[in-house]
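> Okay, handing you the structure first.
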Amino acid sequence: MELFHKRAYTHAKRSWLRKSDLLSSALGVALIAGLALYLFRLDYRTTLDLWRSRLTSEVRYCSWTVQNSFDQSKDDVQVLADFAPARELLLPAADQTAHTSSSATKTRDSVSGLFENYSKIYEYAAIVLLDQNGQVLIQSTGSAPWLPLIKAPKSQTILGQTIHQSLYRMSFLPLSKNELGLLFVAPILAARAPNQTNNTSLGAIAVLSLFSRDIIPLLRAGNFPTNTGEKMFLQMQPNGGHYISPPRFPLPRKLGAPPKTDTLEGAATGALEDHPVFGRFVDYRGVDVIASLQKVPGIDGVVVVKIDQSEAFADFIRTARIEIITAAAAVIAYIGLILLRRRTALADEMQKTEQSLRIAKENLEAMVAERTIQLARLNDQLQKFNVELEQRVTDRTAQLDAANKELEAFAYSVSHDLRAPLRAMNGFSKIVSQEYSSQLPVQVRQFLEKVDQSSVEMEGLINGLLSLSRLGRKPLAKQPINLTHLIRQSWDDLSGERQGRQVEISVADLPGCQGDPLLLKQMFINLLSNALKYSRTRKVAHIEVSSTAAGAYYIRDNGIGFDMQYANKLFGVFQRLHQTEDFEGTGVGLAIVQRIVHRHGGRIWAEAVANEGATFYFTLAGADTANTPDNSI
């Protein structure tokens, strides 16, 4: 039934989504969207150009007024520096011999009077006359509170540069936490006329003006009627601009998400003197703004005029919303006309579809009834097969349990019944050798030694068989393993086999795995011991432990190797490729290694060349074994 409903839905969908209707709808939507996008971009550019013009004009005016204020202060300081009585007070004593004490007092009074007039008229915080050593000679009334700041190291540096270089200086001077000063310094030259060559500085005039009195009123003046508009002054520093005018808005609290990084301070370093820089920025509140910046000539200061983007583009956003709503209404109306035209044709198609559905439903019900009968028959057969399968599994499980019990009994018998005669045989042979050695012929003593050696080999074979049988019954205790560290431990355990030999081993950083650490350690001990045994004929034995790009691990030695035609016998129990007289062993060690690798879901194989060494490769669960050769086990 679902199939026929799907066919009906597909048929109805095709009726609604004809290519001609889709093409007409897409073309109409594209035209309406294109027109709306054009109007949107046009309104945006118009709004942006309007604010560019307003902010640029305002920042130019502010920069001009600030520069004009600085120029006026410079003129005032220059007038004070050119005042003849001030120069006379700084002349050397030899040049003042003609002056009487009364004339000197009159000169000082004249200079003090000029300082007082300038302080009252232009509201300077302090006016100070200094000699070549930076000592204060005359100061205006009210200058006393500012003298420690004028004598501060930064001020003294500026005064020293002015006196020694005979150049005018203007600099910002921090007065307190919330107050900034403007220090204007002009040199007093020995030459009274420009055509004279003696331009040595006799001293300097220092005028201190408050930034809040001179500059802040200029920034707040002008016609800039906005809710979020703000005019600010930034001082240039090596790491960017720094606000020195009080902000109009409070600083953001450090709650919740941190505000955006202020980009106006960084943009201040790129401000130019000849024309303003306009763009989008983030202000000290973390608010997106549009701003215009211009550097004030002659001082490291930048004037900023900004306004929040939310206010600047408020009218644009309202207009854009109207345009979007209008475009959406036009799209809906256009598509509605197309759908309305298709309504009649769709009604006819739906009637035909319903009739087809009724016929299909009847056919489907007949098919369902027939399939239900078939499924019932198959279900009966499956139930019978399931009962038989469960019985087979039960029988096979009982057989496996019996086999496991027989294996355990066999292991117990080997462990106790077979070891006891061997111990007796070994013990009696040792007693005969030790107590009656002097009475026995040499050949008999040799026979006893062979009996003792054979019993030891037999006990080794029994232990190997027990170890091999236990591997199949012991559950794996898997955990993450550092194979490099495990190989180092195994190598340390074989220190006795390396006594008196020169052996070099290299162990690479092997990828880790999941496995049973005890079983894997036994595997590495067997493989490393095998490499040590068959390389002892070499003057220097070389053993390498590493891994391949395909994910297989390997242990390589430079021993005697073996013929590859016998490689299939390597991992069989009691299978040996060398004589026992040449190399001791029971023939069980590699069989144990194979059993451990198989229990970890891996494969093992070997490659060798006679008298040139052998390499044993193996993989563990999860390793890439796609490139293992055909002789792997």
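Quick note: the coordinates plus some simple rules give every number you see, no bench work behind them. Given the structure is predicted, the values throughout are model-derived calculations rather than measurements. Using ideal geometry, Cβ is built from the backbone for each residue, glycine included, and neighbour counts are taken over all protein chains shown.
> Let me check I have the definition right: for the range 200-335, take the eigenvalues of the Cα gyration tensor, multiply each by 5, take square roots. What are those semi-axes in whole Å, largest first?
Values for the range 200-335, descending: 41, 17, 15 Å.
> Give the span of the range 476-618's Cα atoms along each principal axis, as three whole-Å numbers ordered largest to smallest.
Principal-axis extents of the range 476-618 (Cα, largest first): 41, 31, 28 Å.
> Would you mind getting me the FRET efficiency between ASN178 and ILE121? Use the beta-carbon distance for r and R0 = 35 Å, nearest 0.05.
Approximately 0.85, to the nearest 0.05.
> Could you tally the net charge around ARG318, taking each other residue with its Cβ under 15 Å from the Cβ of ARG318, Lys/Arg +1 and Asp/Glu -1?
Neighbourhood net charge equals -3.
> At 7 Å along Cα-to-Cβ for each site, give me the label-to-label distance between ASP492 and ASP21 in nm.
8.0 nm
> Can you return the lysines within cross-link range of LYS478? Criterion is Cα-Cα under 21 Å, with same-chain partners fewer than 8 residues away left out.
Result set, ordered by chain and number: LYS521.
> What's the Cα-based Rg to Rh of the range 50-91, Rh via Kirkwood? Mind showing how you got there, number by number?
Numbers: Rg = 18.1 Å, Rh = 12.7 Å.
Reported Rg/Rh (Cα atoms, Kirkwood Rh): 1.43.
> Obtain the radius of gyration and the Kirkwood radius of the range 282-373 from its C-alpha atoms and give Rg over Rh. Working shown, then result.
Values: Rg = 32.9 Å, Rh = 20.6 Å.
Over the Cα atoms of the range 282-373, Rg/Rh equals 1.59.
> Explain nothing, just compute: Karplus ³J(HN,Hα) = 6.51 cos²θ - 1.76 cosθ + 1.60, θ = phi - 60°, for every residue of the range 522-530 in order, whole Hz, x for Gly and Pro.
After applying 6.51 cos²θ - 1.76 cosθ + 1.60, I find 4, 4, 5, 4, 5, 5, 5, 5, 4 Hz.
> How do MET425, MET236 line up, fewest other C-beta atoms within 10 Å first?
MET425, MET236
> Same structure, new question: Roughly how many debye, to the nearest 20, is the charge dipole of the range 82-216 about its Cα centre, given +1 on each Lys and Arg Cβ, -1 on each Asp and Glu Cβ, and no other charges?
That gives the range 82-216 a dipole magnitude of about 200 debye.
> Here's something else I'd like to know. Just subtract the alpha-carbon distance of ILE317 and GLN237 from 0.36 nm times their residue separation and send over the number in nm, one decimal.
Details: separation 80, 0.36 × 80 = 28.80 nm, distance 3.76 nm.
So the chain would gain 25.0 nm between ILE317 and GLN237.
> Starting from the 7 Å offset along Cα-to-Cβ, what nm value, one decimal, do you get for the label separation of VAL609 and ARG280?
About 7.0 nm separates the two model spin labels.
> Sorted by packing (mean other beta-carbon atoms within 10 Å per residue), highest first, where do 378-389, 272-283 land?
Result, highest mean Cβ count within 10 Å first: 272-283, 378-389.
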